[in-house]
Structures are given as structure tokens and as C-alpha cells.
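Each remark here refers to the structure printed beneath this line.
The values are calculated or read from the model by the stated rules, or taken from the named source; none is laboratory data. Just so you know, these numbers come straight off a predicted model, no measurement behind them. Note that each Cβ is placed from the backbone with ideal geometry, even for glycine, and that neighbours are counted across all protein chains shown.
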Amino acid sequence: MSYIIMNNFFDSKLYVIKEQTLPQNDERVSLIVFVHGKESEKVRNFIAAILNPLHIGTNEFLVLFRESDFPTFIDLKKAYSANYFLFFDVENADIGLQIATRPYRPFSLLDKGILVVESPEVYFLEKETATTPNAPRPKARMLWESLKLLLKDFK
């Protein structure tokens, strides 16, 4: 019989995970939108505007704002019965996802649809710097196309 001695096995760092209190929602929502940043009516209106053409009413999604101390994806999954999650300006590691993903590429994890995109301010800036109202806005276009992919089976 042989034994392998692991001298440094117990020398690993321990991380304290703060207990999160998430706002409760009495209604069953299908989409959680998580925004890294301060709460803003401008951002809320932007989110409602991009979801409206997909026929997603304001009672079907919940917007959460956080500047730091992000809840883990598992905490979000446990707290809400939503099937879809949209993250604005959130790194995977911030929410406890230890997988490599790319922005604007919807993926599925634990039977939940997930999309990670850039900060809403990126889209605001792109709109402000457009030379004409019909000027191409590639970031907004990528957001729109990825949302359609994520929410193709919505409802």
C-alpha cells in the first residue's frame, strides 16, 4: 500500500463569501437583468426599451443593480425562478462562474440561459457619437442579436 503525502494541501487560502440579501419579488419573473453600477432610471428605461421589441413586459423581468459584493450565480438561481439571466458589465468570476465565456455569446448553465454584455454606458456613448440617426452602431447590433438568441424560446 502506498500513500501520497500532500504537504501543502491544507495551505490553500480560504475565501469568505458574504451572505447576500437579494430583493424578493412576489411575481414570477422569467428574466433577471443584473447591472454593475448605481441604480439609474436611464438604465432602467434602456433595458425596458431593448426588451420591448421582444414582447417582454416590465412585469416579466427584474433589474438588480450592484456596485460591489455581487451575489453568486447559484444564489441568484436559488432566489429567483427565472430561466434567463442578462449581466451588464459583470465578470464571470464576480458571480462565482469559473468558466470562460465571451461577451455577446449566450450560453446555458444548469438549465438557465445566460448572456454577459458590456456596460449600458457603452451603448449610450455609441448612440451619442453616431454621426446620423441611422449610423451603424455595432455594439448595439451585437446586443440585439445576442438578446434574440438568448430569448428565442422566451415564455
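Sort out which residues of the range 96-147 are surrounded by 13 or more Cβ atoms within 10 Å (Cβ to Cβ) and within 15 Å of Leu31 (Cβ to Cβ), and write them in order of number.
Listed by number, the residues that qualify are Pro106, Lys112, Gly113, Ile114, Leu115, Val116, Val117, Leu143, Ser146, Leu147.
In the range 34-68, which residues are free of Cβ contacts under 8 Å to residues at least 24 places away in the same chain, over 23 Å from Lys112 (Cβ atoms) and part of a loop (DSSP other than H, G, I, E, B)?
Listed by number, the list holds a single entry, Ser68.
Hey, among the residues in the range 94-139 that are acidic (Asp, Glu) and in a helix (DSSP H, G or I), which one's farthest from Ala79 (Cα to Cα)?
Of the residues in the range 94-139, the ones acidic (Asp, Glu) are 94, 111, 118, 121, 126, 128.
Those still in the list that are in a helix (DSSP H, G or I) too: 94, 121, 126, 128.
Numbers: Asp94: 17, Glu121: 28, Glu126: 34, Glu128: 37 Å.
Selected residue: Glu128.
Applying the selection to the range 111-127, what residues are among the β-branched types (Val, Ile, Thr) and touching a Lys or Arg at 6+ places or on another chain (Cβ under 7 Å)?
Taking the range 111-127 as the starting set, the residues that turn out to be among the β-branched types (Val, Ile, Thr) are 114, 116-117, 122.
Val122, the sole residue that qualifies.
Given Ser108, Ser119, Ser146, which one is free of Cβ contacts under 8 Å to residues at least 40 places away in the same chain and among the hydroxyl-bearing types (Ser, Thr, Tyr)? Walk me through it before giving the result.
On the way: Ser119 fails: free of Cβ contacts under 8 Å to residues at least 40 places away in the same chain; Ser146 fails: free of Cβ contacts under 8 Å to residues at least 40 places away in the same chain.
Going through Ser108, Ser119, Ser146 in turn, just one is free of Cβ contacts under 8 Å to residues at least 40 places away in the same chain and among the hydroxyl-bearing types (Ser, Thr, Tyr): Ser108.
Which of (1) among the hydrophobic types (A, V, I, L, M, F, W, C); (2) modelled with pLDDT of 95 or more; (3) part of a loop (DSSP other than H, G, I, E, B) does Leu143 not meet, given it meets every other one?
That leaves (3) as the condition not met.
Tell me whether the range 69-79 contains one or more residues that are part of a loop (DSSP other than H, G, I, E, B), out of contact with any Gly (no Cβ under 9 Å at 6 or more places or on another chain) and at negative phi. Full working, then the answer.
Taking the range 69-79 as the starting set, the residues that turn out to be part of a loop (DSSP other than H, G, I, E, B) are 69-72.
The next check asks that each one be out of contact with any Gly (no Cβ under 9 Å at 6 or more places or on another chain); those that pass are 69.
Next cut, at negative phi only: none.
Within the range 69-79, not a single residue is part of a loop (DSSP other than H, G, I, E, B), out of contact with any Gly (no Cβ under 9 Å at 6 or more places or on another chain) and at negative phi.
On the given criteria, is Gly113 touching a helix residue (DSSP H, G or I) at 6+ places or on another chain (Cβ under 6 Å) and among the small types (Gly, Ala, Ser)?
On the way: touching a helix residue (DSSP H, G or I) at 6+ places or on another chain (Cβ under 6 Å): yes; among the small types (Gly, Ala, Ser): yes.
Against the criterion (touching a helix residue (DSSP H, G or I) at 6+ places or on another chain (Cβ under 6 Å) and among the small types (Gly, Ala, Ser)), Gly113 qualifies.
For residues in the range 77-93 being without any contact (Cβ under 8 Å) to a residue 60 or more places away in the chain and buried (at least 19 other Cβ atoms within 10 Å of the Cβ), which is nearest to Val43 (Cα to Cα)?
Among them, the one singled out is Phe88.
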